[in-house]
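Data first, discussion second: the structure below is written as structure tokens.
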Ligand code: ADE
Ligand code: ZN
């Protein structure tokens, strides 16, 4: 593949479906807030200024420590602006971000409304300035347990609409079972929200089956371990379940030792609807452009493959159809 081709691929307009709002915070932004508020973030950063973590569980605790400096709606507005500037610089035209009321007001509906208002205002401003469209997925945190998830689902149900478009679950996949969260997912579904769940990142194929069967999700965050169960792969294809695959995240967190052995290419070839996202880009030293570059070089994917991924992502987006039509228009090659 020549340089021109690579250049065209990395600059394609992109749709990103799997992005954690706090996980997208540039480390310098978090360090700046910590200084302003005199919060001690010892152990959170490497000597090079990146985020420091040894493994997934440590990553989750560093993530939560970094997030502890985000204390007000205004902080989240500033975060939203920083995140969307970076996404827009990577040609992302539409993005869905995971937002957790646990971090935004401690699960209280009134406080959550204030955070959401500030985030939405900042997103509207970024759409005016950079053309990028953002929508929110309220997300419970698995290792915080099912009771906290119920409060989160209530926040989601109370604010469901044309901006909060989905409900999901993130956090430590090895804690509890999807079924434990069925009540919260039922509440979100009844409020009209679309559903996604992290599964098959750390858990095996059974965790993906459980997320589909017990939570009724139409998208799976990661889902890469489905590759170990070809009957599950067929189920994903038949039910048109979309995978939000985050290859760079999987490599840095050592789900796979390198991209060459990552199953995204095989899943795609078997007919699974795969999409590409960054998860927590500064934690994993990645960007959407970097992901595209790595995938093009490793698997020889050309522009047509990436166009298909983006089309899949736009069609699987949880937004309303008018917004989807605008996004599809932006994906048309000029
Ligand atoms: N929260 C932020 N990033 C995550 C990931 N990759 N898996 C589960 N929970 C997360
Ligand atoms: Zn994730």
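The numbers here are math on the coordinates, done by the rules we state, and not lab data. These figures come from a predicted structure and were not determined experimentally. When we count neighbours, we look across all protein chains shown, and the Cβ atoms used for this are built from the backbone with ideal geometry, even at glycine.
In the range 209-224, whose amide N lies under 14 Å from the spot 7 Å out along Cα-to-Cβ of residue 256? List them in ranges.
222-224
Name the shape class, rounded, prolate or oblate, that the alpha-carbon gyration tensor gives for the chain, where a ≥ b ≥ c are the square roots of its eigenvalues, rounded holds for a/c under 1.5, and otherwise prolate holds if a/b is larger than b/c and oblate otherwise. Before the final figure, lay out each step's value.
Working: a/c = 1.29, a/b = 1.14, b/c = 1.13.
Taking the square roots of the gyration eigenvalues as a ≥ b ≥ c, the chain is rounded.
Cut-off is 10 Å between beta-carbons; in what order do 246, 319 appear when sorted fewest neighbours first? Don't jump to the answer; show the numbers that get you there.
Working: 246 30, 319 21.
With the sparsest Cβ surroundings first, the list reads 319, 246.
Against the empirical 2.2 N^0.38 Å scaling, what ratio does the C-alpha Rg of the range 242-302 come to? Spell out each step's value before the answer.
On the way: Rg = 10.7 Å, N = 61, 2.2 N^0.38 = 10.5 Å.
Against the compact-globule rule of thumb, the ratio is 1.02.
Taking the Kirkwood radius as the inverse of the mean 1/r across Cα pairs, report the Rg/Rh of the range 144-199.
Working: Rg = 10.6 Å, Rh = 11.2 Å.
In the range 144-199, Rg relative to Rh is 0.95.
By counting other Cβ atoms within 10 Å of each Cβ, how are 251, 242, 109 ranked from fewest to most? Don't skip to the answer; put the middle values down first.
On the way: 251 19, 242 23, 109 15.
Neighbour counts put them in this order, fewest first: 109, 251, 242.
So for the chain: antiparallel DSSP bridges make up what percent, rounded to the nearest 5? Let's see the in-between values first.
On the way: 1 of 33 bridges.
Just about 5 percent of them are antiparallel.
Dimensions of the range 27-69 along principal axes (Cα, Å, largest first)?
29, 21, 14
Using a Förster distance of 30 Å, how high is the FRET efficiency between residue 36 and residue 64, based on the Cβ-Cβ distance and rounded to 0.05?
Values: r = 19 Å, r/R0 = 0.64.
Using R0 = 30 Å, I get an efficiency of 0.95.
Can you check how the C-alpha radius of gyration of the range 12-169 compares to 2.2 N^0.38 Å, as a plain ratio?
Numbers: Rg = 15.2 Å, N = 158, 2.2 N^0.38 = 15.1 Å.
Relative to the rule-of-thumb radius for its length, the range 12-169 sits at 1.01.
Starting from 0.36 nm per residue, how many nanometres of slack lie between residue 130 and residue 3 once their C-alpha separation is accounted for? Show your work: numbers first, answer last.
On the way: separation 127, 0.36 × 127 = 45.72 nm, distance 2.68 nm.
Gain on stretching residue 130 to residue 3: 43.0 nm.
Take 117, 225 and order them by how many other Cβ atoms sit within 10 Å, fewest up front.
Values: 117 14, 225 20.
By the 10 Å Cβ count, ascending: 117, 225.
Only helical DSSP H runs with n ≥ 4 go in: add -39500 (n - 2.57) per run for the chain, normalise by residue count and round the 222 nm mean residue ellipticity to 500 deg cm²/dmol.
Details: 14 runs with 161 residues, N = 334.
Roughly -15000 deg cm²/dmol at 222 nm, from the helical runs in the chain.
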